[in-house]
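Asker: I'd like to ask you about the structure that follows.
The values are calculated or read from the model by the stated rules, or taken from the named source; none is laboratory data. Only a predicted model underlies this, so the values are computations on that prediction, with no experimental measurement involved. Glycine also receives a Cβ, built like all others from the backbone with ideal geometry; neighbour counts cover every protein chain displayed.
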Amino acid sequence: MKHFIQFENRTLAEQLIEQALKYKVDPRKHISKGLGKRVGCIFLNPSLRTRASTQIAALNLGMEPIIMNMDKEGWALEMQEGAIMNKTTVEHIKDAAAVLGTYFDVLAIRAFPTLTNKEEDLEDFVLNQFKKYSNVPIISLESAVRHPLQSLADMITIQENSKAIKKPKVVLTWAPHIKAIPHAVANSFAEWAVGCGHDLTITHPEGYDLDPQFTQGAVIELDQKKALENADFVYVKNWSVFNDYGKIHSTDPSWMLTESHFKNAPEAKIMHCLPVRRNVELSDEILDGPRSLVQKQAENRIYAAQAVLSKIIE
Ligand code: CP
């Protein structure tokens with residue numbers, strides 16, 4: 001595995017899940033594996049879980065993680081090829097990426113979408129610029145279109161909590177939000193859930209279809225009540241409109257899950273990648289109740305990142 005930027009195949013996903021679960025039992029079992037290696041974690045956007053969990057994962061392998069918050073600490077990056085840099089940007093991404101590639105054995109990048117330039121976002125332009133100019137393995141810490149470390153942690157969490165269920169019914173449901181939110185978590189979750197062989201239903205208000213390249217193999221059901229019937233796992237996430245790119249067409253509060261939504265799915269567990277807008281996306285009663293797996297998902301971010309780093313430095 002050279003890079004970790006998307007779902008590749010089921011065999012690799014299962015290997016990573018298995019390795020992550022071993023690290024969860026014994027986090028320092030490979031404490032010498034990464035000695036002498038450095039991972040640069042480059043954040044162009046804010047983070048809590050991804051930042052801390054990737055750092056802990058590297059330390060568990062004996063690697064040295066160095067975090068750079070480019071949004072606050074770095075030079076303003078110019079992204080456009082051939083730009084005349086006489087305005088606010090100070091350093092071109094091709095220079096920054098090439099320099100960072102000489103400092104680190106692995107680069108991990110967080111670069112959110114613009115939600116205004118659809119073409120550039122769909123190309124995963126910023127992540128790919130780092131890949132092109134750094135010449136070292138790249139790990140996505142959430143890009144314009146995918147969040148694979150989150151999805152790997154989500155697959156680990158489903159596996160841990162579905163021991164008695166042969167083929168769990170997994171539902172990805174849209175939830176209301178006050179801001180325009182990227183599609184990366186939803187895209188990636190759909191890609192990984194189908195890729196790992198889960199029975200996935202996606203439910204959202206009319207017009208909120210995700211990019212079809214990520215939803216092949218999933219059932220699309222616009223009636224949330226029907227979608228939730230007999231669900232084993234319900235993944236809650238907002239995303240903005242894809243076709244009318246980055247816009248908000250609905251904030252319908254009836255899509256926010258409360259206990260009353262689970263009459264026909266009494267055993268369903270709830271998942272969310274966090275951060276969550278309480279009582280907008282999900283009710284307190286769900287988040288603080290026995291259905292919630294959100295803290296387990298966040299904990300599993302460590303072991304997902306550790307399995308990925310371990311594979312990449314092999
Ligand atoms: N779920 C997730 O990626 O959290 P952060 O944005 O806090 O890293």
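Asker: How many residues does the stretch 274-291 contain that are within 16 Å of the ligand (Cβ to nearest atom), outside any loop (DSSP other than H, G, I, E, B) and either buried (at least 19 other Cβ atoms within 10 Å of the Cβ) or in contact (Cβ under 8 Å) with a residue 60 or more places away in the chain (or both)?
Answerer: 2
Asker: List the pairs whose first member sits in the stretch 40-53 and is more than 20 Å from N300 (Cα to Cα), whose second member is near the ligand (Cβ under 7 Å from one of its atoms), and whose Cβ atoms are under 7 Å apart, counting only residues at least 6 apart or on separate chains?
Answerer: So the pair list comes out as F43/R51.
Asker: Can you find, within the stretch 232-273, the residue that is surrounded by the most Cβ atoms within 10 Å (Cβ to Cβ) among those that are within 29 Å of S53 (Cβ to Cβ) and among the polar types (S, T, N, Q)?
Answerer: N238
Asker: Sort out which residues of the stretch 164-189 are outside any loop (DSSP other than H, G, I, E, B), away from the ligand (no atom under 16 Å from the Cβ) and not basic (K, R), and write them in order of number.
Answerer: V170, V171, T173, W174
Asker: Here's another thing I want to ask about it. Between a first residue in the stretch 254-273 that is over 12 Å from V170 (Cα atoms) and a second residue that is modelled with pLDDT of 95 or more and of a type in the set (F, W, Y), which pairs have beta carbons less than 9 Å apart while being 6 or more apart in sequence or on different chains?
Answerer: Pairs found: W255/W174; H272/Y235; C273/F189; C273/Y235.
Asker: Is it true that T258 is more than 16 Å from the ligand (Cβ to nearest atom) and more than 18 Å from the chain's Cα centre (by Cα)?
Answerer: For T258, the condition - more than 16 Å from the ligand (Cβ to nearest atom) and more than 18 Å from the chain's Cα centre (by Cα) - is met.
Asker: If I go through the stretch 254-268 residue by residue, how many of them are under 22 Å from S162 (Cα atoms) and outside any loop (DSSP other than H, G, I, E, B)?
Answerer: Count: 4.
Asker: If a residue must be over 25 Å from I165 (Cβ atoms), in a loop (DSSP other than H, G, I, E, B) and in contact (Cβ under 8 Å) with a residue 60 or more places away in the chain, how many such residues does the stretch 204-253 contain?
Answerer: Number satisfying all stated conditions: 11.
Asker: Same structure, new question: Anything in the stretch 145-163 that is part of a helix (DSSP H, G or I) and of a type in the set (A, V, I, L, M, F, W, C)? List them, or say none.
Answerer: L149, L152, A153, M155, I156, I158
Asker: Are there helices (runs of 4 or more DSSP H) fully within the stretch 28-144 with at least 3 residues that are more than 25 Å from V241 (Cβ to Cβ) and within 16 Å of the ligand (Cβ to nearest atom)? List them. Reasoning before the result, please.
Answerer: On the way: elements: 49-60, 93-103, 118-122, 125-134.
Output list reads 49-60.
Asker: Taking the stretch 5-27 as the search range and keeping residues that are among the basic types (K, R) and surrounded by 14 or more Cβ atoms within 10 Å (Cβ to Cβ), which one is farthest from the ligand (Cβ to nearest atom)?
Answerer: Restricting to residues being among the basic types (K, R) and surrounded by 14 or more Cβ atoms within 10 Å (Cβ to Cβ), the top hit is K22.
Asker: For E8, work out the one condition from (1) over 18 Å from the mean Cα position of the chain (by Cα); (2) without any contact (Cβ under 8 Å) to a residue 60 or more places away in the chain it doesn't fulfil.
Answerer: Result: E8 fails condition (1) only.
Asker: Being at pLDDT 95 or above, among the small types (G, A, S) and over 19 Å from L309 (Cα atoms) narrows it down to one of A180, A164, so name that one.
Answerer: Result: A180 is the single residue among A180, A164 that is at pLDDT 95 or above, among the small types (G, A, S) and over 19 Å from L309 (Cα atoms).
Asker: OK, next. With respect to E14, is the statement that it is touching a residue at least 12 places away in the same chain (Cβ under 8 Å) and acidic (D, E) true?
Answerer: So E14 fits the description; yes.
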